[in-house]
Structures are given as structure tokens and as C-alpha cells.
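Chemist: Handing you a structure now.
The values are calculated or read from the model by the stated rules, or taken from the named source; none is laboratory data. Here the structure is a predicted model, which is why all the values come from computation and not from measurement. Positions of Cβ are generated from backbone atoms using ideal geometry, with glycine treated the same way; all protein chains shown enter the neighbour counts.
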Amino acid sequence: MQDQDLIVATLESCARRRDERREFLRTAALASASVTFLAGCDGGGADPVPPVVVVPPPPPPPSGVTDADILNFALNLEYLEAQFYFYAAFGTPLPANITTGTGTQGTVTGGRQVTFTDPLVAQYAREIAMDERAHVEFLRAQLGAAAVAQPPIDVGTAPTGAFSSAARAAGLIGAGASFDVYANDENFLLGAFIFEDVGVTAYKGAAPLITSKTFLEAAAGILAAEAYHAGLIRTVLYAKGLPAPSLRTATDAISNARDSLDGPSDLDQGVSSNGNTSNIVPTDGNAIAFSRTTGQVLNIAYLTRTATDRGGFFPAGVNGNIRLSAAS
Amino acid sequence: MTDQATMIETLDARVDRRSERRDFFKTMIGAAAAIPVLTLTLGGTPLHAQAAPSDADILNFALNLEYLEAQFYFYAVFGQGLPNDLLTGTGTQGAVSPGRAVAFSDPLVAQYAREIAMDEVEHVRFLRTALGSARVAQPAIDVSAAPNGAFSNAARAAGLVGPNQPFDPYASDENFLLGAFIFEDVGVTAYKGASPLITNKTFLEAAAGILAVEAYHAAIVRTTLFRKGIQTPALIDATEAISNARDSLDGATDLDQGIRPIGTSSNIVPLDANGLAFSRSAGQVLNIVYLNRMAVTAGGFFPAGVNGPIRTSAAN
């Protein structure tokens, strides 16, 4: 392809992202307003100076939300991620002594060790498992006696379980079928995909709510780690999706399922390519990662679009003061 | 290997990371005795005011870095630089010592390069719009493959090329990925280090969003180098060498890791023992892009320095 054609094709894929952004803004205009800056996507010199446009502010945080509330909210999510990766990598749950705390401690509906075919995927699983455990331990250390216990968590493979329900919502399996995220490399990667981008949007959405600069910088460090993990998982799925295109379309389906849970705005993208460009990084038209409120994150973790306090991966809800999903 | 053995090896690997953290604290304590509070000129006038930069100062600092990344990826993908209307602003606008289009052999790498190029252009555009008339112009940038250019000097510091030999990041998929590796993790540490300095919550959240994107990019590059490194172990060695070269520039603390596996685990994600990404101060970031461990205002990828008030590298 000629360079000029390449640029045109790439800019066209960029324009598609912009369309997504416009869609985002259209749906967002329903909400009350704050001012932020947006920029156009094409590089043409004839473009007028991009206007300052109106986008929705993050919904107001729950009144009286403290840094400890936010860190405990994050700790629930890290328990979930760590348990999934620990089972997949080692066949065991997290050590019991790092799941204690305030609130009701719950059991894990467990998974099992994946018999990995690709030794690289096995190495990735072990790396991420240990990172997530480190996040659990770090947050618990920061919170001290205020740390919440691990609530009941479902990372099992039952047909009525959270992973199967999520996969069914995405159309990957039929009624009554089970989605076994521990069955093979590909299913493991898709199971990881269900979580990883959500963690990024959760930490980004929480960033402006954190008052302590020390916690903010630490949260930025966890945000970065989650984005690295997500980038890793998405890159591997994209590469394996070259000979097996259903892997790429599965990510699109999971992304759409997440989007159907967390409200009308499009906050999610699969890995399928835009023309001659990959889509490893899910971003808006400004190449900025998306944000989710805590309520939107719980919509996905609870697998519900309504305001409730439990469901999906957290059958008895999360522990702590931030526990309600949004009415989406 | 049994599960138990696997886990023990993995835990050992984690201890290695924790040891790095302990080294970190040790060197921090050593350095604390001699923290340079303010850099003064000979006349006693503050040379720079990095102690309390404004949000605009921070965004402009980031804009310089995004100019650099965008130019590199734009040349690699399109064989040309950014449109000039994206380069204007306050300060002295500089020319680019150019790169060239990579003849990619792996179509996946070509697709990744295009995706990252467009993301970086959007970051340039976003920051310029957010800054409005306060935005800095693109300073002089060197993304060339000349033997005395920044890429070659960086690669030489890492021991990848000999005296007077060029390192051409446009010569092959592998060289392109190593060129990208030189930048990507640095962007993550720069945005993380800046995050507690940003006062405006809207800018803070936007910066967190750019940080995330840079981490995704870094993961693409590291994951791809690791996969290719199974057949070509020299690629993995090269990332370790580049990482060590960066660490030799930005002070005594170890803020950087290559992609060599730790025990039975990969090391795609450079983290401390708490699972947190590293931070770099603006001065430390400039040590790397200026390719200089001293306090200077120009060099390396920015032959005339960056534009804006944050422009002096740290004295290490």
C-alpha cells in the first residue's frame, strides 16, 4: 500500500473512533454538564479550532466517600482478580490470611489450574497472579484494621455461575451451557479479558475522588499495572486471533455485553481491527482510556444493569461502604 | 513441575522484586541526606521552578514527550512527520531530524505501529487543545538513525552498537520494537510521577487516561518483544540492556526492568514489589530523553531542549 493510502485508511479508522466518541457525546448529553476539552481526529489543516464541548461529569460520588472507602472498593476487585488468576495459575486460592477483615468473610466458588498449552500464556498467568496478590497485600497494608474481608466470590464454571452468565450474555454459549475459563489457553484469556479493562476504567474513574496524594500516586501505579495486564491479554488474543478470528470477535461480544450493563455510553471496545489498524487499546477519540463510576463497575461485576447490592461474581455483594450498582 | 514447586519458584521471583524494592529504600535513605532542594544559577536566580509547577507547566512538559513519541511512530508508519499545524506554539519551534518508514515484515507489528501512531497524535492534539494559547511549540527533535543521533547514542549506551555505529530503529520490525521500548515505559513513569502534582481534577483524570494508554502501548511492545524473543533471545537481552542504560541515567534507584522472565513468570509489567508501576520525576524523565545523568537543559532526543518551564534534567 502507498504511504498516502495508508494514511487515509488509518485516518478513516480514526474517524470511526471519532464517530464512537460522537455517539458517546450524544448519549452523554442527557446528563448534566461540565466542561472539558475535545480535539478532532483528522490531521487536516483546514479544520477549525476544535470547540470546547460539553460532556457529562462523573456522577457525584456517594456523599461522604472517603479514601478508605475507595481503597476498600478496589480491594474487593483485587480479591476477585487475584482469586481467578491464582486458581488458573496454581490451582489454589489466595492464602487465607490475606482475605480477613471487616465485614462478612466469604468463601470462593473456585476454579482450577489451567493446563496451559502455550508456555508463554502460562508465564503470563503466573506473572499476573502474583501482581494481583501484591495489589491485595498492598491495599490491605494501606488500610490496616479498616481493610474489608474478602466477600463471597464466584470464579467457578457452573452453568449458573458468573463466568457462564457473562459468556451467555455475550452470546458465546447457549442456554444451560457452561463457560469453562480453565479449560484451555483461549478460554483463560477470554476470562481474563472479562476483568482486565474494567479494572483500568475503575481506577481511572476513582482517581479524581482520592484526596490523599500518596494514595493517588499509588492508585495511579495500580492503574498502570492493570493497563499493562490488559494490554498483555489483548495483544495475545489479537495475535492468536489472526489464525482463529473467533477469538477476536469474542472480545467484541464481551465488550458489547459489558456496554449493555453499564449504561448508554460506549465505554468499551474489543480488539478487532479497524481497517489496517489493531485495536489493542480501548480509548475515546482523544486516545484517552475510559472511566467508569463505582456503580458502573458494580453493574459489570454483579452482571446487572439495575441498582442492586449483589450478584454475578459477588453473590453476596462486595464488602465496604461502596456496594451499590448503578441504575443503568 | 508440580504445582507446589511452581508456586515456590513464583514466590521466589516475587522476593526478587521485593529485594529490588529494598534496594530502592536503601538508596533513597542514602540520597535523602543530600537532596538538592533548589537548583541555582551562578547569580543565585532560580534556574527552574520544578518544586511547584502549574498544571499548564505539567501538561506542556507532557506535550513535549508526546511530540517526540508521535514523530517517531509517524515516521515509522507513514514515512513522514506530523502536520505542521500540530507543531506551533510558544517557545522556539524546531525541526525534526527525521526517521523513515519501516518496511514491516510482520503484519501484526505494522498494525500495532499504526494504532500507536494515531494514539500519540491524538495525545498531541488533546494536550494542545487543553492548553490553548499556552501550548508550547514542538522543540527540535532527533528521531534519526544517524550514528551520532539520539537513538544510536541510546543504543550505544546500552551496548547494542559499537563506536560510530548507527542504531536504525526503522531497519526492521525488531529494531522498531526496541526503538519503541526505549520510550514506552518512560511515558508511564512520567505520567505517574506527575499525577500527584496536578491540581485540576479534570486534567488529573485525563492524565490518568493517557497514563493508561501509555501502559497499554508499553504492554503491546513488551509482549511482542517477548514472543519474538523466544526465537531470538538477543531481543530479550537488548531490553535488559536498554533498561539498565535508562537506570544508569536517572539516579541510583532502580526504576526500570527489561522483559527477561523472573523464575517461571514472565516480566511484561515493570513493577515494584507492591505491584505498583514506578514513578519518575520530570527531571528523571529528562535525564533519559536528554541521555544525560547531569542537570542540563538539552541533549539526546531534544537537541535544543524541551519547551516550557520544566526543562532541566536532574543531577544524578
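Chemist: Under the condition of being more than 7 Å from chain A (Cβ to nearest Cβ) and buried (at least 24 other Cβ atoms within 10 Å of the Cβ), which residue from region B:125-134 is farthest from residue B:180 (Cα to Cα)?
Modeler: In this case the residue turns out to be B:128.
Chemist: Based on what the data block shows, is residue B:210 more than 7 Å from chain A (Cβ to nearest Cβ) and of a type in the set (A, V, I, L, M)?
Modeler: no
Chemist: Another question, then. Check whether at least one residue in region A:117-137 is in the same structural domain as residue A:217 (by TED's automatic domain parsing) and assigned to a loop (DSSP other than H, G, I, E, B), and report yes or no.
Modeler: Yes, some residue in region A:117-137 is in the same structural domain as residue A:217 (by TED's automatic domain parsing) and assigned to a loop (DSSP other than H, G, I, E, B).
Chemist: Of (1) polar (S, T, N, Q); (2) over 23 Å from residue A:220 (Cα atoms); (3) within 14 Å of another protein chain (Cβ to nearest Cβ), residue B:164 satisfies all except one. Which?
Modeler: (3)
Chemist: Hey, could you check region A:102-133 for residues that are surrounded by fewer than 20 Cβ atoms within 10 Å (Cβ to Cβ) and touching a helix residue (DSSP H, G or I) at 6+ places or on another chain (Cβ under 8 Å) and say which is farthest from residue A:184 (Cα to Cα)?
Modeler: Ranking the candidates gives A:102 first.
Chemist: So the check is Cβ under 6 Å with 6+ separation or different chains; which pairs have a first residue in region B:101-117 that's more than 7 Å from every other protein chain (Cβ to nearest Cβ) and a second one that's of a type outside the set (Gly, Ala, Ser) and in a loop (DSSP other than H, G, I, E, B)?
Modeler: That search, which allows pairs on different chains as well, returns B:102/B:170; B:110/B:104.
Chemist: Something else: Among the residues of region A:246-258, are any at pLDDT 95 or above, buried (at least 24 other Cβ atoms within 10 Å of the Cβ) and in contact with a Phe, Trp or Tyr (Cβ under 6 Å, 6 or more places away or on another chain)?
Modeler: Yes: region A:246-258 contains one or more residues that are at pLDDT 95 or above, buried (at least 24 other Cβ atoms within 10 Å of the Cβ) and in contact with a Phe, Trp or Tyr (Cβ under 6 Å, 6 or more places away or on another chain).
Chemist: Looking only at region A:149-160, how many residues end up being within 21 Å of the chain's Cα centre (by Cα) and either β-branched (Val, Ile, Thr) or assigned to a helix (DSSP H, G or I) (or both)?
Modeler: Of the residues in that region, 3 qualify.
Chemist: Pick out the one residue from B:207, B:238 that is modelled with pLDDT of 95 or more, more than 19 Å from residue B:61 (Cβ to Cβ), part of a helix (DSSP H, G or I) and among the aliphatic types (A, V, I, L, M).
Modeler: So the residue among B:207, B:238 that is modelled with pLDDT of 95 or more, more than 19 Å from residue B:61 (Cβ to Cβ), part of a helix (DSSP H, G or I) and among the aliphatic types (A, V, I, L, M) is B:238.
Chemist: I'd like the residue in region B:296-316 that is in contact (Cβ under 8 Å) with a residue 12 or more places away in the chain and of a type in the set (A, V, I, L, M, F, W, C) and, out of all such residues, is nearest to residue B:59 (Cα to Cα).
Modeler: Checking each candidate, the answer is B:310.
Chemist: When you check residue A:310 against the structure, is it under 30 Å from residue B:274 (Cα atoms) and not assigned by TED's automatic domain parsing to the domain that holds residue A:117, yes or no?
Modeler: Criteria met by residue A:310.
Chemist: Restrict the check to region A:177-200 and report whether at least one residue is facing chain B (nearest Cβ under 9 Å) and assigned to a helix (DSSP H, G or I).
Modeler: Checked against the condition, which is being facing chain B (nearest Cβ under 9 Å) and assigned to a helix (DSSP H, G or I), region A:177-200 yields at least one hit.
Chemist: Next question, about the same structure. Examine region B:252-270 for a residue that is in contact with a strand residue (DSSP E or B) (Cβ under 8 Å, 6 or more places away or on another chain), of a type outside the set (Val, Ile, Thr), closer than 25 Å to residue A:279 by Cβ and more than 7 Å from chain A (Cβ to nearest Cβ), and state whether such a residue exists.
Modeler: Among the residues of region B:252-270, at least one is in contact with a strand residue (DSSP E or B) (Cβ under 8 Å, 6 or more places away or on another chain), of a type outside the set (Val, Ile, Thr), closer than 25 Å to residue A:279 by Cβ and more than 7 Å from chain A (Cβ to nearest Cβ), which makes the answer yes.
Chemist: Is it true that residue A:163 is in a helix (DSSP H, G or I) and either within 24 Å of residue B:218 (Cβ to Cβ) or modelled with pLDDT of 95 or more (or both)?
Modeler: yes
Chemist: Something else about it: Quick check on residue A:270: is it within 12 Å of the chain's Cα centre (by Cα) and on the phi < 0 side of the Ramachandran plot?
Modeler: Yes: the conditions hold for residue A:270.
Chemist: Answer yes or no: is there a residue in region A:140-152 that is within 13 Å of chain B (Cβ to nearest Cβ) and in contact (Cβ under 8 Å) with a residue 24 or more places away in the chain.
Modeler: Yes; the residues of region A:140-152 include at least one that is within 13 Å of chain B (Cβ to nearest Cβ) and in contact (Cβ under 8 Å) with a residue 24 or more places away in the chain.
Chemist: Please go through region A:284-311 and pick out each residue that is of a type in the set (A, V, I, L, M, F, W, C), more than 14 Å from every other protein chain (Cβ to nearest Cβ) and at negative phi.
Modeler: Of everything in region A:284-311, those that are of a type in the set (A, V, I, L, M, F, W, C), more than 14 Å from every other protein chain (Cβ to nearest Cβ) and at negative phi turn out to be A:297, A:298, A:300, A:301, A:307.
Chemist: Now for a different question. From the list A:121, A:136, A:108, which one is under 26 Å from residue B:274 (Cα atoms) and more than 11 Å from every other protein chain (Cβ to nearest Cβ)?
Modeler: Just one listed residue meets the conditions, A:108.
Chemist: Let me ask you something else. Can you tell me which residue among A:154, A:197 is out of contact with any Cys (no Cβ under 6 Å at 6 or more places or on another chain) and at pLDDT below 95?
Modeler: Unique residue meeting the criteria: A:197.
Chemist: Mind checking whether some residue in region A:209-224 is acidic (Asp, Glu) and within 10 Å of chain B (Cβ to nearest Cβ)?
Modeler: yes
Chemist: Might you let me know whether region B:266-274 holds any residue that is touching a Lys or Arg at 6+ places or on another chain (Cβ under 8 Å), surrounded by fewer than 24 Cβ atoms within 10 Å (Cβ to Cβ) and of a type in the set (A, V, I, L, M)?
Modeler: Yes; the residues of region B:266-274 include at least one that is touching a Lys or Arg at 6+ places or on another chain (Cβ under 8 Å), surrounded by fewer than 24 Cβ atoms within 10 Å (Cβ to Cβ) and of a type in the set (A, V, I, L, M).
Chemist: Then there's this: Pairs only if they're at least six apart or on different chains, beta carbon under 9 angstrom, first in region B:202-229 and without any contact (Cβ under 8 Å) to a residue 12 or more places away in the chain and within 19 Å of residue B:182 (Cβ to Cβ), second of a type in the set (Lys, Arg) and in a helix (DSSP H, G or I); list them, first residue then second.
Modeler: That search, which allows pairs on different chains as well, returns B:216/A:234.
Chemist: Given the residues B:104, B:167, B:126, which is the only one that is farther than 24 Å from residue B:300 by Cβ, modelled with pLDDT of 95 or more, assigned to a loop (DSSP other than H, G, I, E, B) and among the aromatic types (Phe, Trp, Tyr)?
Modeler: B:104
Chemist: Going through region A:72-105 one residue at a time, which ones are closer than 11 Å to residue A:148 by Cβ and assigned to a loop (DSSP other than H, G, I, E, B)?
Modeler: Listed by number, the residues that qualify are A:99, A:100, A:101, A:103, A:104, A:105.
Chemist: Can you find, within region B:170-207, the residue that is nearest to the other protein chains (Cβ to nearest Cβ) among those that are touching a Leu at 6+ places or on another chain (Cβ under 9 Å) and among the polar types (S, T, N, Q)?
Modeler: So, considering only residues that are touching a Leu at 6+ places or on another chain (Cβ under 9 Å) and among the polar types (S, T, N, Q), the one nearest to the other protein chains (Cβ to nearest Cβ) is B:195.
Chemist: For residue B:233, work out the one condition from (1) at negative phi; (2) in contact (Cβ under 8 Å) with a residue 24 or more places away in the chain it doesn't fulfil.
Modeler: (2)
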